[in-house]
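What follows is calculated from the coordinates using simple rules that are stated; it is not laboratory data. Remember, it's a predicted structure, so these values are computed and weren't measured experimentally. So basically every Cβ, Gly included, is an ideal-geometry build from the backbone, and we count neighbours across all protein chains shown.
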Amino acid sequence: MTGYLLDTNHVAALANRNPTILQKVQSLPANTQLRACTITLGEVEAGNLITTTTDQQKRDQCTAFINAAFLPNALPVSVSTRTYYAQIISRIWQNHTPPRGRVQTESHLVSLGVNINDVWIVAVAWEHGLTFVTEDKMQRIRDVVREVQWENWL
């Protein structure tokens, strides 16, 4: 069975009824999995809570859509996800060893332009054998995770 894990930008585009993504989703075979990770859903919800650029009714509609379309089948970060996450972090570290001795992992990743949430979300896609759908570059992660297929529908 074919399946996709949508990143935040694609979940938001679906919630906003973006015609490009709606057309793509409608073209998928009926049994195609279309999933989101709980981290992605948290990112969207955080955006809804902190934004001041849209009205509350639009944010409420977005939340209702996500609760109906994605929440029932959201993929959590599980105990086994940690091994995929660790592989990604290790591979990035090996390719981009810090120039000086001890450095905090997250600080080093940020200096490389790596968002830690993205590492977790890609780890979930890898764990479940899903194609990861994002508009973001995530080049450092893409460079080390050949096991995941990547697509952009926007």
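If I build a Gaussian network model for the chain, linking alpha-carbon pairs within less than 10 angstrom, which residue out of 31, 18, 115 has the largest mean-square fluctuation?
Among 31, 18, 115, the largest GNM mean-square fluctuation belongs to 31.
Please state the relative contact order of region 3-151 as a whole percent: Cα pairs under 8 Å, 6+ residues apart?
Working: 152 pairs, mean separation 49.9, N = 149.
In percent, rounded to a whole number, it is 33.
Can you give the percent of C-alpha pairs in the chain whose distance is more than 27 Å?
The share of Cα pairs beyond 27 Å in the chain comes to 26 percent.
Which of the trypsin sites (Lys or Arg not before Pro) across region 50-110 are loop residues per DSSP, with 16 or fewer other Cβ within 10 Å?
Loop-located and lightly packed - 100, 102.
Using a 10 angstrom cutoff on alpha carbons, build the Gaussian network for the chain and name the most mobile of 23, 104, 33.
Judging by the Gaussian network model, the answer is 104.
Taking the alpha-carbon centroid of each part, what is the distance from region 44-80 to region 121-148 in angstrom?
If you average the Cα positions of each part, the centres end up 21 Å apart.
With unit charges on the beta carbons (Lys and Arg positive, Asp and Glu negative) and the dipole taken about the Cα centre of region 3-151, which residue among 98, 115, 128 sits farthest to the positive side?
98
What distance in nm lies between label points placed 7 Å from Cα along the C-beta direction at residue 61 and residue 94?
4.8 nm
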